[in-house]
Amino acid sequence: MVFLARNVFAQVQRRAFSSTAANAYKVAVLGAAGGIGQPLSLLLKLNDKVTDLSLYDLRGAPGVAADVSHVPTNSTVKGYLPDNGGLEKALTGAEVILIPAGVPRKPGMTRDDLFNTNASIVRDLAKAAAEYAPKAFILVIANPVNSTVPIVAEVYKSKGVYDPKRLFGVTTLDVLRASRFISEVKGTDPNDEPVTVVGGHSGVTIVPLLSQSNHPNIEGETLDALVHRIQFGGDEVVKAKDGAGSATLSMAQAAARFANSLLSSISGTTVTEPTFVDSPLFKDEGIEFFSSQVTLGPSGAEEIHPLGKLNEYEEKLIDAAKVDLKKNIAKGVKFVAENP
Ligand code: NAI
């Protein structure tokens with residue numbers, strides 16, 4: 001498994017300028033001029049599997065594209081605004097679409113507080129993607145991910161183009177935070193600390209499976225504090241930015257990492273990592289989407305893995321996650337039904 005930031009960058013460096021037809025992809029970023037969109041666009045420019053980088057935003061995308069286009073890697077970059085059919089041009093031919101468009105949190109807000117603004121942004125971008133690039137893999141970053149992913153699914157279903165294997169909620173930042181935070185507790189290198197994080201992407205729906213990590217014996221207050229930090233780590237950034245937004249740089253790195261995993265997988269090197277997908281794991285309990293380890297391959301989410309052995313502590317975390325997840329998913333589905 002390609003796991004770590006360092007390895008991702010090493011890989012990108014090694015493969016620079018070696019694109020072949022087999023790993024040449026058009027990747028579109030919707031919301032490319034934002035706090036996440038800009039560094040994400042830069043990191044994608046450094047990925048040699050990306051040969052066409054298509055940057056769209058309501059404002060600023062041509063400037064970001066001109067800037068990023070000077071980075072000396074062998075790909076073209078184009079920036080688009082809504083006028084002159086910009087969204088259609090940005091999406092046509094795209095094989096992978098990343099959606100960081102939408103407002104971020106301010107101190108005191110939960111991700112669910114973003115729903116009213118971001119639900120319609122994601123719905124409208126999904127409509128365009130369904131029309132202009134119905135076969136593309138969609139990576140949803142915009143929050144609340146637990147609801148925006150179901151929104152994309154509902155839009156795609158309504159257009160008759162839904163392929164559950166091609167839709168992903170990006171939860172990679174939770175996985176990277178878990179590695180980082182456990183390494184701080186243990187004084188180790190985060191590159192050697194893989195942690196499986198399952199459930200969803202907000203508060204108690206984020207469930208790190210520490211019993212499956214290198215440190216299954218962490219317990220007591222240390223365990224409680226670590227789990228809380230992984231679940232609410234985003235709040236540290238929101239608070240420190242003091243009204244100027246949420247995680248952007250670490251998030252861009254997380255999204256670039258997941259995009260790289262997907263691009264590697266569709267080019268034939270399968271990767272397994274957690275992501276929020278249409279999942280059979282808890283469907284019988286009415287939970288249509290869940291994050292767990294997923295093996296990515298040429299058709300997308302090829303194998304959704306079960307959670308594995310959990311301890312009693314984790315069983316309780318999963319139970320709490322399921323309650324919120326069910327509501328978050330239902331909210332997304334209802335939104336599209338009432339506001340098609
Ligand atoms: P930002 O406000 O800096 O950037 C958002 C960009 O989206 C802006 O440039 C804006 O013009 C653009 N935009 C808004 N509506 C659009 C539309 N209809 N079409 C195209 N572009 C549009 O926000 P930031 O910090 O980049 O965050 C973006 C989203 O990512 C937020 O919803 C945030 O909560 C989420 N996020 C997700 C994380 C995850 O782990 N999945 C982690 C951190 C943030």
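Derivation of every value follows stated rules applied to the coordinates shown; laboratory data play no part. Please read all numbers here as calculations on a predicted model, not as lab measurements. Using ideal geometry, Cβ is built from the backbone for each residue, glycine included, and neighbour counts are taken over all protein chains shown.
Here are a few things to note about the model shown:
- Within region 157-194, the set of residues being among the small types (G, A, S) and outside any loop (DSSP other than H, G, I, E, B) comprises S158, G169, A178, S179, S183.
- Residue that is nearest to L307 (Cα to Cα), among those in region 174-203 that are among the hydrophobic types (A, V, I, L, M, F, W, C) and surrounded by 24 or more Cβ atoms within 10 Å (Cβ to Cβ): V198
- Filtering region 282-340 to residues that are under 25 Å from P216 (Cβ atoms), of a type outside the set (S, T, N, Q) and out of contact with any helix residue (DSSP H, G or I) (no Cβ under 9 Å at 6 or more places or on another chain) leaves V294, E303, I304, H305, P306, E312, E315, K316, I318, D319.
- Checking S75, S41 one by one, the residue that is buried (at least 22 other Cβ atoms within 10 Å of the Cβ), over 22 Å from the mean Cα position of the chain (by Cα) and either closer than 21 Å to F137 by Cβ or not acidic (D, E) (or both) is S75 and no other.
- In region 115-139, the residues that are free of Cβ contacts under 8 Å to residues at least 40 places away in the same chain and more than 26 Å from I266 (Cα to Cα) form Cβ pairs under 7 Å with partners that are of a type in the set (S, T, N, Q) and within 11 Å of the ligand (Cβ to nearest atom), at six or more places apart or across chains, as follows: N118/N143; N118/T148.
- Cβ-Cβ under 9 Å pairs, at least 6 apart or on other chains, region 62-76 side in contact (Cβ under 8 Å) with a residue 60 or more places away in the chain, far side of a type outside the set (S, T, Y) and buried (at least 19 other Cβ atoms within 10 Å of the Cβ): none
- Within region 195-241, the set of residues being closer than 15 Å to L173 by Cα, free of Cβ contacts under 8 Å to residues at least 60 places away in the same chain and in contact with a Phe, Trp or Tyr (Cβ under 8 Å, 6 or more places away or on another chain) comprises R229, I230, G233.
- Region 282-340 - residue that is outside any helix (DSSP H, G or I) and aliphatic (A, V, I, L, M) and, of those, nearest to D112 (Cα to Cα): I287
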